[in-house]
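S.K.: Here it is, the structure, as structure tokens.
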Amino acid sequence: FYRVFKVMQMEVNKQVIENFYTAFQQLDYTAMNSSYSDEIVFSDPAFVFFWGEEVKYMWEMLCKNAKDFSLTFSNIQLLDDEYATCNWVATYTFSKTGRKVVNHIKAFMKLKDGKIIEHSDAFKLSKWAAQALGFKGELLGWTGFMKRKIQKNARMNLIKFIEAKGE
């Protein structure tokens, strides 16, 4: 019985991940956020450590600001009844510079009770910076200074977004 339960749980988890990225393809942050638990913990090289409502606002901000956006996802791997990974590629125009970005990302997720409870995305921030920021990003994107500046700007943009919503 326990084995059957684990297999069923893994199928549920796969569906949650597929629903999340399908919603992301449509820039439907409400559907994306419904895949998360209320205590979601998120991190990536730019948005370093966010949890709960911050994560949900982050996706809303990113979806609302997306330009020329497309996304593909593949290779969902269910490591067990809790952990999964997948690959995804986001292609968009970075609004601050008007430059095209193609970001190749590996997602790591922990799921419980049909919700994502932990989500981290891995990608080379230096490669992103070179695409998004041009020469300056290519020259300095690998430095701690530039990484911290990108992270600080990401956090400040999210804070401004939340404050503008008045919530």
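The values are calculated or read from the model by the stated rules, or taken from the named source; none is laboratory data. As the structure is a computational prediction, the values presented were derived from the model and not from experiment. So basically every Cβ, Gly included, is an ideal-geometry build from the backbone, and we count neighbours across all protein chains shown. What goes into the accessible areas is simple: the full protein's heavy atoms, side chains included, and nothing from ligands, DNA or RNA. Shrake-Rupley method; radii C 1.70, N 1.55, O 1.52, S 1.80 Å.
S.K.: Compute, for Asp44, the solvent-accessible surface of its heavy atoms (probe 1.4 Å) with the complete set of protein chains present, and express it in square angstrom to the nearest 10.
M.R.: Near enough 20 Å² of accessible area.
S.K.: Assign unit charges at the C-beta atoms only (+1 for Lys and Arg, -1 for Asp and Glu), then state the dipole size of the chain relative to its Cα centre in Debye, rounded to the nearest 20.
M.R.: Details: 23 positive and 19 negative charges, 187 e Å.
So the dipole magnitude of the chain works out to roughly 900 debye.
S.K.: Okay, next question. What are the extents of the Cα atoms of region 15-74 along their three principal axes, in Å, largest first?
M.R.: Cα extents, longest axis first: 26, 26, 20 Å.
S.K.: Could you put Leu125, Leu133, Leu139 in order of accessible surface area, largest first, with the 1.4 Å probe and the full protein assembly present? Could you put the intermediate results ahead of the total?
M.R.: Values: Leu125 10, Leu133 45, Leu139 100 Å².
So the residues, ranked largest to smallest area, are Leu139, Leu133, Leu125.
S.K.: Here is a further query. Which of rounded, prolate, oblate describes region 114-167, given a ≥ b ≥ c as roots of the alpha-carbon gyration tensor eigenvalues and a/c under 1.5 marking rounded, otherwise prolate only if a/b is larger than b/c? Spell out each step's value before the answer.
M.R.: Details: a/c = 2.80, a/b = 1.44, b/c = 1.95.
The shape class here is oblate.
S.K.: Determine ³J(HN,Hα), in whole Hz, for all residues of region 98-107 in sequence, where each value follows from phi through the Karplus function 6.51 cos²θ - 1.76 cosθ + 1.60 and θ = phi - 60°; x replaces Gly and Pro.
M.R.: Karplus values, whole Hz, x for Gly and Pro: x, 8, 7, 10, 10, 9, 8, 10, 10, 9.
S.K.: Provide, for q = 0.09, 0.10, 0.19 Å⁻¹, the log10 of I(q)/I(0) from a solvent-free Debye sum over equal Cα point scatterers in region 1-150.
M.R.: Here the Debye-derived log intensity ratios amount to -0.30, -0.37, -1.19.
S.K.: By how many nm would the segment from Glu138 to Phe49 grow when fully extended, if each residue of separation counts as 0.36 nm and the alpha-carbon distance is taken off?
M.R.: Working: separation 89, 0.36 × 89 = 32.04 nm, distance 2.46 nm.
So the extension gain works out to 29.6 nm.
S.K.: Quick one: length gained pulling Thr22 to Asp80 fully straight, 0.36 nm per residue minus the C-alpha distance?
M.R.: On the way: separation 58, 0.36 × 58 = 20.88 nm, distance 2.22 nm.
Length gained, Thr22 through Asp80: 18.7 nm.
S.K.: Please list Thr91, Thr97 from largest to smallest accessible area, probe radius 1.4 Å, with all protein chains kept in place. Don't skip to the answer; put the middle values down first.
M.R.: Values: Thr91 30, Thr97 65 Å².
The residues order as Thr97, Thr91, largest area first.
S.K.: Follow-up question, since we're still on this one. Under a 1.4 Å probe, what is the accessible area of region 1-152 per residue, stated in Å²? Write down the numbers at each step before the final one.
M.R.: Numbers: 8430 Å² over 152 residues.
For region 1-152, the per-residue accessible area is 55 Å².
S.K.: Considering the dipole of region 14-167 built from charges on the beta carbon (Lys and Arg +1, Asp and Glu -1) around the Cα centre, which of Trp142, Ala107, Asn65 is farthest to its positive end?
M.R.: Trp142
S.K.: Another question about this same structure. Given a Förster distance of 30 angstrom, what is the FRET efficiency for Asp68 paired with Lys112, based on the Cβ-Cβ distance and rounded to 0.05?
M.R.: Values: r = 35 Å, r/R0 = 1.18.
Between Asp68 and Lys112 the formula returns 0.25.
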